[in-house]
1. Only one of (1) out of contact with any Leu (no Cβ under 9 Å at 6 or more places or on another chain); (2) under 24 Å from residue 374 (Cβ atoms); (3) open to solvent by less than 10 Å² (accessible area, probe 1.4 Å) fails for residue 93. Which number is that?
2. Can you pull out the residues in segment 60-90 that are more than 30 Å from residue 363 (Cα to Cα) and open to solvent by 40 Å² or more (accessible area, probe 1.4 Å)?
3. Residue 343 versus (1) on the phi < 0 side of the Ramachandran plot; (2) surrounded by 24 or more Cβ atoms within 10 Å (Cβ to Cβ); (3) in contact with a strand residue (DSSP E or B) (Cβ under 7 Å, 6 or more places away or on another chain): which is the lone unmet condition?
4. Being open to solvent by 10 Å² or more (accessible area, probe 1.4 Å), in contact with a His (Cβ under 9 Å, 6 or more places away or on another chain), at pLDDT below 95 and of a type in the set (Gly, Ala, Ser), is that true of even one residue in segment 599-611?
5. Taking the conditions exactly as written (surrounded by fewer than 21 Cβ atoms within 10 Å (Cβ to Cβ) and of a type in the set (D, E, K, R)), does residue 245 satisfy them or not?
6. When you scan segment 248-277, how many residues do you find that are over 22 Å from residue 609 (Cβ atoms), surrounded by 22 or more Cβ atoms within 10 Å (Cβ to Cβ) and touching a strand residue (DSSP E or B) at 6+ places or on another chain (Cβ under 9 Å)?
7. May I ask you to say which residue of 425, 416, 420, 443 is more than 21 Å from residue 286 (Cβ to Cβ) and outside any helix (DSSP H, G or I)?
Amino acid sequence: MATFLRFSLCWIILSVSIGSVNGQTAPKAGRLLREKSPYLQRHADNLVDWYPWGDAAFARARELNRPTFVNIGYSTSPSCSAIEQDSFMSGEIAELLNKNFVCILVDREERPAVDNACVRYLLLVKESPAWPLHVFMTPERIPMFGTGYLPNQSTGRQDGQTLLSVLNYVLTSWKRDSDGYLARQTARDAKLMQETVDRRPEPASGTTEPNTDPKHLTRDQLDAFVRNVLSNSDTTYGGTLSVPKFPLVPNLQWLHQFSEQFSGTSTGQEAGQLVEATLKGMAKGGIRDHLGCGFHRYAQDEQWSVPSFEKMLYDQALSGELYAQLFSTNGDPLYKEIALDTFRYMTTRLGNADGGFYTSEDAVSLPDVDASQPTPGAFYSWTEEEFDAALSSDAEARALLKLHFGIRPRGNIPPGSDLGQNLTGKNILFEKLALDEAAKAAGIPAGKGDAAYERGLALLRQHQSKRPRPMVDRKILVSWNGYAIAALARGATALKQPELLEPAIKAMDFLSRHMVDNKSTAIRHSWLAGASDIGGICDDYSAMVDASLALYTATGDRKWLSLAQAFQQKQLDDFLDPATGAFFEIPLSRSDVFLRLRPAVDSDLLSCNGLTARNLVRLSKTVEEPQRLIWKAAAESLFAYFETTMSTQSSMVPGLLAAWEEFTRP
């Protein structure tokens, strides 16, 4: 067996075989049906007897003296959909799980602190996280083993491991632990993990302690940090050099900010060029939905051509805002068009009628109304025959769009880009030939191409509307809604479109009425036909501060500034680690997660400490004394704690760098 997932237990011999099972006890579906997560509700009919994360599940594990099998996923993940059908509806696997484990299902979007702690655990034991995550814990909520997605068949992984083989391994380990060694060792491991997380970053070279003055970082260092990002970027198509290719908007925001502040330097100019190359590459690529608008989560190739197909609320918010910022900078009408299209998708398809925004739209859907098995990209992909049929009434538009999108009889997927092998013979809509060149090649008179293009898109939309639509995850998350509100508010100013403020204010009103205690400013993290009982995390408060500040800047109404300060004070009271000046992900009063993290690394989203740093900086430059001094001191403490991280891991913390640059401006 691979060295996957352990801090100790090298002495345990692996291997047990489980035979076929007959019969299956129906699980208690009501546990999941009562939950506020569509992901959990969807699993209610599984053969696996799931519990939601909580005291009841771990109490049951203690009562039965069983390990827990914690499966962490999210509703729009094709892999999470696949394992549900392949494994959790398998009688053999369900029987093994139900008889020997307490099974716990976690929606990573609903409980990000649990997900992040498990991801950190996997990284500490040298495993690569890939959702769904499988983590085996003791009844005391301490991880013993863990891994990324395990298929039911050995063909899915190079090491040949399957979910069944790993279940057997863990079960053997647990049953042979008659003297309690495993419980004692995992408790020691948990303490070691927390000590590792708590360890203060090593000081910069030549010093013995991190410098408490945030101005210790120089402008030359900032230049070097940006150079490091540029050296690992794709200057042709934009984005990073790695595949799959994610937009990583926090990186782009930092590069855009740097290019604006240091436009006279070569590094600033190159940073700006990379941002534009990325946004134009995304605009042309299949990562952008050319019919329904909005952006898919990531691309499977370097040219942004083949998307992952799921659409996340935060991607629409952050990408839409960045396109709006670029339009404000250079006036390119393409950026305005895409920003408005993205906001339109966000406010319609993901918009809740009473205010607020849903979480995401799925990657998978039924290929047609008679199909029984959903597949990734079914709603967005086309055979040549389907494409021709949809445009059969307009030969001119058909000729133009086939050239523009590169439609081919065997499909237009670049070799090696169909990572899931779901698109054989299919075409994705991405720009293969510029519209004016395609019009010329199709023999369309000058000036007539745009009209033919719009006619063609309308016919494709009409045909597509007859297909089964991917599911929307209708839970509402405070943090992601905060990003959407802030994007709309700043977009209203950048695009000179004040009507964008209406859905922003309506969403804030929804959150205030349904997810915020207006006396204590306490937040509930999620909502689905009512607020959940899951308390807000640090990201929720930092996003609400950001949204309130954006509304204040856009409207001048001081009630939003007051609200921003109220949320910021609540975050200071409940999340600040007084020993370091950084912010914990979960409140000081909460103890249901085995690791207490202070997130600073950005990925698709700004970390809570990165966004909080920016909020504190902006508050300190907006309000009067004495409150200004409180926010300024909090920002300085946060920068001081992460100063070494900013110096030595700069490409991982663009949010902190951007906040620091803003803080040190004259």
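The values are calculated or read from the model by the stated rules, or taken from the named source; none is laboratory data. If you're wondering where the values come from, they're calculated on a predicted model, not measured in any experiment. Cβ atoms come from the backbone with ideal geometry, glycine included; neighbour counts cover every protein chain shown. These area figures cover heavy atoms from the full protein model, side chains too; ligands, DNA and RNA do not enter into them. Shrake-Rupley method; radii C 1.70, N 1.55, O 1.52, S 1.80 Å.
1. Residue 93 satisfies every listed condition except (1).
2. Filtering segment 60-90 for residues more than 30 Å from residue 363 (Cα to Cα) gives 60-67.
Answer for segment 60-90, where residues must be more than 30 Å from residue 363 (Cα to Cα) and open to solvent by 40 Å² or more (accessible area, probe 1.4 Å): 60, 62, 63, 64, 65, 66.
3. It fails just one condition, (3).
4. no
5. Numbers: surrounded by fewer than 21 Cβ atoms within 10 Å (Cβ to Cβ): no; of a type in the set (D, E, K, R): yes.
Answer is no for this residue.
6. The total comes to 1.
7. Numbers: 425 fails: more than 21 Å from residue 286 (Cβ to Cβ); 416 fails: more than 21 Å from residue 286 (Cβ to Cβ); 420 fails: more than 21 Å from residue 286 (Cβ to Cβ).
Sole residue among the options that is more than 21 Å from residue 286 (Cβ to Cβ) and outside any helix (DSSP H, G or I): 443.
The rows are residues; the columns are (1) open to solvent by 10 Å² or more (accessible area, probe 1.4 Å); (2) among the acidic types (Asp, Glu).
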| position | (1), (2) |
| --- | --- |
| 102 | no, no |
| 110 | no, yes |
| 121 | no, no |
| 124 | yes, no |
| 127 | yes, yes |
| 134 | no, no |
| 147 | no, no |
| 190 | yes, no |
